[in-house]
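Worksheet: one structure, shown below.
The values are calculated or read from the model by the stated rules, or taken from the named source; none is laboratory data. Note that this is a predicted model, so its numbers are computed, not measured. When we count neighbours, we look across all protein chains shown, and the Cβ atoms used for this are built from the backbone with ideal geometry, even at glycine. Each accessible area value is taken on the protein alone, full model and side chains, heavy atoms only, with ligands, DNA and RNA left out. Shrake-Rupley method; radii C 1.70, N 1.55, O 1.52, S 1.80 Å.
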Amino acid sequence: MKGRADPEMTSGAPLDAHERRISYLRVSVTDRCNLRCVYCMPQEGIDLVPMEDVLSYEEIRDVVRVAASMGLRRVRLTGGEPLARKGLVDLVGMISALPGIEEVALSTNGIVLARHAESLARAGLSRVNVSLDTLQPERFRSITRGGRLEDVLEGIDAARAAGLTPVKLNVVVMQGMNDDEALDFARSTIDEDWQVRFIELMPFTALENTGQQPAPSVAFVSNGTVRRRIEEALGPLQPESRDGNGPARYYRLPGAKGRIGFISPLTEEGFCGRCNRMRLTATGKLRPCLLTDHEIDLMPSLRGGGGEDGIRRGIVAALASKPDAHHLGDGNRPRRRRMIQIGG
Ligand code: SAM
Ligand code: SF4
């Protein structure tokens, strides 16, 4: 297994047009998923792209190789559900062996993680983030439209046993759906060494091109509210030093083994000023900003003969066109793709 990303290593990462160092690439390997979370995926599913339009693992490796040669150091595999794609362990092996890549991590819903944790770790995966919006089995079934909480908990145990630590749990907080569990999640960090990260719901669900509307029950709660509720019940949270350049602000309950993080894209002033990442969709689109629709298509380079120079030019163009901020407050919305089609 490779070591953790050394902050020193990111100093060689390229700057974008707003002088942010971009050291991190999130790669979506599929738009398929074995769950249907209410805030992410409509019940009837989405129009899936044909497999021939999805990047092969070799094509993903080629993009990451060029990115690494330009100074990007960390990669996260995501989706859709990355473990729903066959052979993901092979991709982890291919990417973690590339010169310059310091860390390969994975975002997963954890449903089949128990089966793969050991081999992922052996292939070079450093750690996992697991989505977990509730600690109640029935509620889990309803939020994910059919998932079994037990499978995820087994996956988390297997990840810890395989050394894929620290495990980070991503909790999207929704009013009336799981916001009453903020305290349970916070308390869980006292005895569990995991990191619970509360994420503000982002406005992906209503897509202009499909007319789909969010489930009426999915409503936003600010992380300020979540934090206030935790502090009122459990006392002041102690700020922790920053963890690399990630989007979370971390805190700890006194004496707790684990940590509590807040990812607040909608309410944290200066959130975008700390952005260090770009995204590659499963169909080969380089997306400078999660919440802005602008994309650079790498397919012509990958399949049309543009080669490594073409990929490099695509990355340079993405760096140059990365917006200073998401501008959701000014009415900007991601309209062309859902989170699941970008790679959350
Ligand atoms: N299937 C994997 C998973 O669930 O972790 C990886 C892909 S999923 C799209 C990545 C992350 O995006 C998850 O933590 C999920 O909760 C989050 N997510 C999806 N839709 C979101 C939204 N509208 N707002 C905030 N987070 C969202
Ligand atoms: Fe699937 Fe992850 Fe979206 Fe849930 S959040 S539907 S697990 S991609």
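Ranking 135, 120 from most to least accessible surface, computed with a 1.4 Å probe over the protein chains only, gives 135, 120.
Between helix 57-69 and the chain there is an angle of about 90 degrees, using the helix long axis and the longest principal axis of the Cα atoms.
Secondary structure note: in the range 7-341, about 25% of the DSSP beta bridges are antiparallel. Run the dipole for the chain about the Cα centre, Lys and Arg Cβ at +1, Asp and Glu Cβ at -1, nothing else charged, and hand back the magnitude in debye, nearest 20. That gives a dipole near 360 debye. For the chain, adding -39500 (n - 2.57) for each run of n ≥ 4 DSSP H residues and dividing by the number of residues yields -8500 deg cm²/dmol at 222 nm.
Shape class for the chain, computed from the alpha carbon gyration tensor (a ≥ b ≥ c): rounded, with a/c under 1.5. The shape of the range 97-195 comes out prolate: with a ≥ b ≥ c from the C-alpha gyration tensor, a/c is at least 1.5 and a/b beats b/c.
May I ask for the angle, rounded to the nearest 10°, between helix 113-123 and the longest principal axis of the chain, with both axes built from Cα atoms and the value confined to 0 to 90°? On a 0 to 90 degree scale, this one is about 50. Computed with a 1.4 Å probe over protein heavy atoms only, the accessible surface of the chain comes to 41 Å² per residue.
Compared with the dominant principal axis of the Cα atoms in the chain, helix 182-191 is inclined by about 90°.
Can you run the Rg to Rh ratio on the range 258-344? Use alpha carbon positions and the Kirkwood inverse-distance Rh. Taking Rh as the inverse mean 1/r over Cα pairs, Rg/Rh reads 1.03.
Note: relative contact order over the chain, using C-alpha pairs below 8 Å and six or more positions apart, is 20 percent.
Averaged over residues, the count of other Cβ atoms within 10 Å places the peptides 261-273, 323-335 in the sequence 261-273, 323-335, highest first. Of the residues 96, 241, the one with the largest accessible area comes first in the ranking 241, 96, computed with a 1.4 Å probe on protein heavy atoms.
Indicate the gyration tensor shape class of the range 1-147 (rounded, prolate or oblate), computed on the Cα atoms with a ≥ b ≥ c the square roots of the eigenvalues: a/c under 1.5 is rounded; otherwise a/b larger than b/c is prolate and the rest oblate. Judged from the Cα gyration tensor, the range 1-147 comes out prolate (a/c at least 1.5, a/b above b/c). Rg of the Cα atoms in the range 278-325, relative to 2.2 N^0.38 Å, amounts to 1.09.
For the range 1-111, what % of the accessible area comes from carbon and sulfur atoms, probe 1.4 Å? Exposed carbon and sulfur together represent 50 percent of the surface.
In percent, rounded to a whole number, the relative contact order of the range 231-293 is 21, using alpha-carbon pairs under 8 Å and six or more apart.
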